[in-house]
Amino acid sequence: MEYLYWVAGAMLAWGVWGFFPKLGAGRFDNLSWMYWSWMGAMPVVGICLYQLRYAPGTGEGLWYLPMLTGACGLSGGLMYYKAMTLCGTNTATVIVVSSMYPVISVALSFIFLREKVNFGQAAGIALCLCGAFVLAYFSPQAAK
């Protein structure tokens, strides 16, 4: 159950991560926001390198997987920041709809890794997608 502490920490960090761009909306373009975001990530990278004694593992030749993860994460962040600059006061839709990304992870795991999805998980995913649809459909921007 120790993992739940880490999940709660990730949820808190990502929740705050999703909120900060709204505080700077209209003051930055998305590329400038991404630049400063990277600068803020540098101390975290330094701490990780220190913990690894400056010798990160290569994952038995699979070093490119975390690099692809980083590229996808930063690309998603860039698109998220752009959406936040375009949304006006409608951050709820951007935050909730972009939070549906685990559905893609589950689908890819189901298709390529043959992971099983039980009825409860499938029902939860369907409810989340319905909720995201309702938020997007009834958002102030959808009325335009």
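The values are calculated or read from the model by the stated rules, or taken from the named source; none is laboratory data. Nothing here was measured: the structure is a model prediction, and the numbers come from that model. Using ideal geometry, Cβ is built from the backbone for each residue, glycine included, and neighbour counts are taken over all protein chains shown.
Residues that are surrounded by 13 or more Cβ atoms within 10 Å (Cβ to Cβ) and within 23 Å of GLY131 (Cα to Cα): does region 22-41 have at least one? Yes, that holds for at least one residue.
Tell me, please, whether a residue that is under 15 Å from the mean Cα position of the chain (by Cα) and more than 11 Å from TYR81 (Cβ to Cβ) can be found in region 20-37. Looking through region 20-37, none of the residues is under 15 Å from the mean Cα position of the chain (by Cα) and more than 11 Å from TYR81 (Cβ to Cβ).
Scan region 86-102 and tell me whether some residue there is surrounded by 11 or more Cβ atoms within 10 Å (Cβ to Cβ), touching a helix residue (DSSP H, G or I) at 6+ places or on another chain (Cβ under 7 Å), without any contact (Cβ under 8 Å) to a residue 24 or more places away in the chain and not small (Gly, Ala, Ser). Yes - at least one qualifying residue is present in region 86-102.
Annotation: of all residues in region 103-115 being over 15 Å from ALA132 (Cβ atoms) and of a type in the set (A, V, I, L, M), the one that is surrounded by the fewest Cβ atoms within 10 Å (Cβ to Cβ) is LEU113. Taken together, the criteria exclude ALA83 from residues that are in a helix (DSSP H, G or I), modelled with pLDDT of 80 or more and more than 24 Å from ALA136 (Cα to Cα). Across region 90-115, the qualifying residues are those that are under 17 Å from the mean Cα position of the chain (by Cα) and not in a helix (DSSP H, G or I), and the one among them that is farthest from TYR80 (Cα to Cα) is MET100.
Yes or no, residue by residue, for (1) in the same structural domain as PRO102 (by TED's automatic domain parsing); (2) at pLDDT below 85; (3) assigned to a loop (DSSP other than H, G, I, E, B); (4) of a type in the set (Val, Ile, Thr):
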site: PHE19; (1), (2), (3), (4): no, yes, no, no
site: ALA25; (1), (2), (3), (4): no, yes, yes, no
site: PRO43; (1), (2), (3), (4): no, no, no, no
site: TYR50; (1), (2), (3), (4): no, no, no, no
site: ALA55; (1), (2), (3), (4): no, yes, yes, no
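When MET1 is tested against (1) under 14 Å from the mean Cα position of the chain (by Cα); (2) under 30 Å from VAL117 (Cβ atoms); (3) not β-branched (Val, Ile, Thr), only condition (1) is not met.
Tell me, yes or no, whether region 116-138 has at least one residue that is surrounded by 11 or more Cβ atoms within 10 Å (Cβ to Cβ), at pLDDT 85 or above and in a loop (DSSP other than H, G, I, E, B). Yes, because at least one residue in region 116-138 is surrounded by 11 or more Cβ atoms within 10 Å (Cβ to Cβ), at pLDDT 85 or above and in a loop (DSSP other than H, G, I, E, B). Annotation: of all residues in region 57-80 being of a type in the set (S, T, N, Q) and part of a helix (DSSP H, G or I), the one that is nearest to LEU31 (Cα to Cα) is SER75.
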